[in-house]
Amino acid sequence: MATRTSRQRTAAVESPTRLLSLQVTGWQGTASIVEDTLRAVQVIWFAAALEYAPLFVVVDRLVELFRAGALPVRAGGAGALLHEYWNERGERLSAAQRDRLYARTFGIGGALAGGVVPNRRLPELWLALIATVHDHARWSRRVQLIDRPLVRAAARELAANLARYGAGAARPAAALHEQIQQALAVLADPDVRRAYGARDVWQLVDRVAALELGGARNAGRYRTLANAGSTIIGWLVRHTGALNGAAGSSGTPRPFPSDAEFLSAVEAWLGASGTDDEDD
């Protein structure tokens, strides 16, 4: 999918996570929690949160305006990005395909899932981990969270669920990652932001949504949900060994995200998810 322009863009734009700082019956004790599957789920979560921002719809609208000659940008940098985004539309997942992926993986819009089996248990298991971690945040931090039986049990239930419903999602996740990169590159372009007097990507999303799409959605809130949820899933990825029953505290975990970063993400998610929004 990478073209000459997209390779240049990848070198110039940070990864979504850096830039954004971006059902089963339960754990049965035998299913393996695959790290790569959880990493794919991280990307899908990111995209699902940004879908509500609504980042992808905003970029689609900017492309429409550009093609109609109604977006005052130069033919060079911004124009090339917008033109490439249009030309590569057939290589990206459609809105309907994305909706089905979100429904299958997270149960989002399950009633309109288009034939997929939605992950209906995800909200219950997600909130169980959030509540358990929130309760344990007051305890001594000398003991890692993964070594606390209640936290580990809740994390294992959630990770097993995500691994089950995220199985086979590596390719669509990779496509979504590329689409996020492309969309952020368009929105970060100074010419595009200048057209709406926006100081950053998220103010631009809000302004285009308000002026062109019938109302803003508070893009900053969904940026927080994207970032916090990605960190929470990243913590599960870090401890895949322990969640699969490896001996010792957590097998040989990667250093990030730390327990402190995980706890901060839980608090950020609680704060952002508590905001009223009829579209949630």
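Find out how many positive minus negative residues lie around I33, taking Lys and Arg as positive, Asp and Glu as negative, among other residues whose Cβ is under 11 Å from that of I33.
-1
Out of the total accessible area of the stretch 139-265 (probe 1.4 Å, heavy atoms of protein only), what percent is carbon and sulfur?
52
Any idea what diffusion coefficient the stretch 79-231 gets from Stokes-Einstein, in µm²/s, Kirkwood Rh on alpha carbon pairs, 4 °C, 1.567 mPa s?
D, rounded to a whole number, is 71 µm²/s.
Any chance you could check the Cα centroid distance between the stretch 144-171 and the stretch 80-112 for me, in angstrom?
25
With a cap of 15 neighbouring Cβ atoms within 10 Å, and only residues DSSP puts in a loop, list the trypsin sites (Lys or Arg not before Pro) found in the stretch 46-150.
Those that pass, being in a loop and sparsely packed, are R74, R120, R138, R141, R142.
If you add up the charges near R207, with Lys and Arg at +1 and Asp and Glu at -1, over every other residue whose beta carbon is less than 13 angstrom from its beta carbon, what do you get?
Taking every Cβ under 13 Å from that of R207, the sum is +2.
Please express the Cα-Cα pair-distance distribution P(r) of the stretch 92-151 as a list of whole percents, one per 10 Å bin, running from 0 to the bin with the greatest distance.
22, 31, 21, 20, 6
Which value, in Å² and to the nearest 10, is the accessible area of V73 when all protein chains are kept and the probe is 1.4 Å?
The accessible area of V73 comes to roughly 30 Å².
What percentages make up the Cα-Cα pair-distance distribution of the stretch 42-135 when the bins are 10 Å wide from 0?
Values per bin, smallest distances first: 14, 34, 26, 16, 9, 1.
The values are calculated or read from the model by the stated rules, or taken from the named source; none is laboratory data. Everything numeric in this text was worked out from a predicted model, so none of it was measured. For neighbour counting, all protein chains shown are included, and Cβ atoms are generated from backbone atoms with ideal geometry for every residue, glycine included. Only protein heavy atoms, including side chains, enter the accessible area calculation; ligands, DNA and RNA are left aside. Shrake-Rupley method; radii C 1.70, N 1.55, O 1.52, S 1.80 Å.
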